[in-house]
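Have a look at the structure below, then the notes.
No value in this document is a laboratory result; all are computed from the given coordinates. Note that this is a predicted model, so its numbers are computed, not measured. Please note: Cβ atoms are built from the backbone with ideal geometry, for glycine as well, and neighbour counts cover all protein chains shown.
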Amino acid sequence: MKCKKCDLKAHVNMRQHKMALCKEHYLEWIPEQTERFIKKYGMFTHDEKVLVAVSGGKDSLALWDILHRLGYQADGLYLGLGIDTSTSLSAGSGIGYSHESQRLAQKFADEKGLTLHVVDIEREYGQSIPVLAEISHRGHGKPCAVCGLAKRHEMNRIARDLGYAVLATGHNLDDEAAVLFGNTLNWSSEYLLRQGPVLPSADGLARKVKPLCRFYEREMTAYCLARGIEYIYEECPFAEGSQSIYYKELLNQLETTRPGAKLIFYLKFLEARKRGDLFIEQNIERAHLHPCPKCGQPTSAPDLCSFCRMIEKAKAVSVS
Ligand code: Q46
Ligand code: ZN
Ligand code: ZN
């Protein structure tokens, strides 16, 4: 297989685009496309400060690298979740996931001279994510519900406190198609209406964007490989057996027989949503929000926001 733009050996073959590119042309193509998506969906401008949620995985590091290459003002945020040692929730999975992912995120930042903010959940709130999950009994034996809640809360807090206009995450097409598939299976209209490359800011909530949402996961792997970016290969031990991984497998089977199916599924959804053609009520307004009396972030809960309630509960348990 040869590069479409020159005669060199192809680094990546993108069947969904009927196109193969050599390493050099691939490394040009990815930022060009990203820039195109950023403009097309009105994600942010060069004047805005962007906070990139960096997990140490390939997607978030690739995103940070691309935004940096494109000349955007992009700083990183790493959240230390404390997924390292075995707890009853992570039977035997003490692989040092958080430790290793933080090391790689920091290494990337140092090599490029970029700013990485680090928030350690345990240092900040007294308990790691797996322990918070045990204490709060949320999420059926997996810490993912608590983890997601804490990530959203902390990303938003740092964006607000440090004056970032935009929060960028490394979600790729495989992630987005899997979420879309799940939301469609359940006809979760509220989620369907809110899913997209940009979630506008609302009082107290930063704009959220996903500049990589049209790239396949393997395209990001190929990008990191070509750029020599070292990232954590292991998934979080709690991701194992998750519904989203199952959906990704199903969609990959579909993709094998119908190259491009995943991309079409997602893009046709975005088009339909834009036309107001989803056969569901267009009511994207966020629920009636008021500021949490403790942290000030918007919440629909009657008193404290879910995050602060969880932390209060954790504190009460630690004291007793
Ligand atoms: S990091 Fe957190 Fe994921 Fe691990 S605990 Fe679950 S949600 S699987 S993206
Ligand atoms: Zn080439
Ligand atoms: Zn709160």
Under 21 Å from the Cα of Lys4 - lysines, other chains or at least 8 residues apart
Lys18, Lys23
Each residue of the stretch 164-172 in turn: what ³J(HN,Hα) in whole Hz from Karplus with 6.51, -1.76, 1.60 and θ = phi - 60°, glycine and Pro shown as x?
8, 7, 9, 10, 10, 10, x, 4, 9
Ser188, Ser101, Ser306 arranged by Cβ crowding within 10 Å, fewest neighbours leading:
Ser188, Ser306, Ser101
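Would you please put 116-122, 37-43 in order of how densely packed they are, using the mean number of other Cβ atoms within 10 angstrom per residue and starting with the highest? The partial results should precede the final answer.
Details: 116-122: 17.7, 37-43: 15.9.
Order by mean packing, descending: 116-122, 37-43.
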Return the long-range amide H neighbours of Gly80 (sequence gap of 5 or more, or a different chain), with a cut-off of under 5 Å between placed amide H atoms.
Val119, Asp120, Ile121
Over the chain, what is the relative contact order in percent, taking alpha-carbon pairs closer than 8 angstrom and at least six residues apart?
19
Count of lysine pairs in the stretch 72-218 with Cα separation under 24 Å (8 or more residues apart, or interchain):
6
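If packing is taken as the average count of other Cβ atoms within 10 Å, what order do 171-182, 130-141 fall into, highest mean first? Show your work: numbers first, answer last.
On the way: 171-182: 21.5, 130-141: 18.4.
Per-residue Cβ counts within 10 Å, averaged per peptide and sorted highest first, yield 171-182, 130-141.
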Around Leu167, with a cut-off of 13 angstrom between Cβ atoms, what is the net charge of the other residues, counting Lys and Arg +1 and Asp and Glu -1?
+4
Charges only on Cβ, +1 for Lys and Arg, -1 for Asp and Glu: so what's the dipole of the chain about the Cα centre, in debye to the nearest 20?
840
Could you run the Karplus curve 6.51 cos²θ - 1.76 cosθ + 1.60 with θ = phi - 60° over the stretch 65-81 and give me ³J(HN,Hα) per residue in whole Hz, x for Gly and Pro?
4, 5, 4, 5, 4, 7, x, 7, 7, 10, 9, x, 10, 10, 9, x, 8
On a 0 to 90 degree scale, rounded to 10, what angle separates helix 217-227 from the longest Cα axis of the chain?
80
Nitroxide proxy distance, nm - points 7 Å out along Cα→Cβ at Thr257 and Lys2
3.4
Amide H proximity to Gln73 below 5 Å, modelled H, separation 5+ or other chain, gives Val50
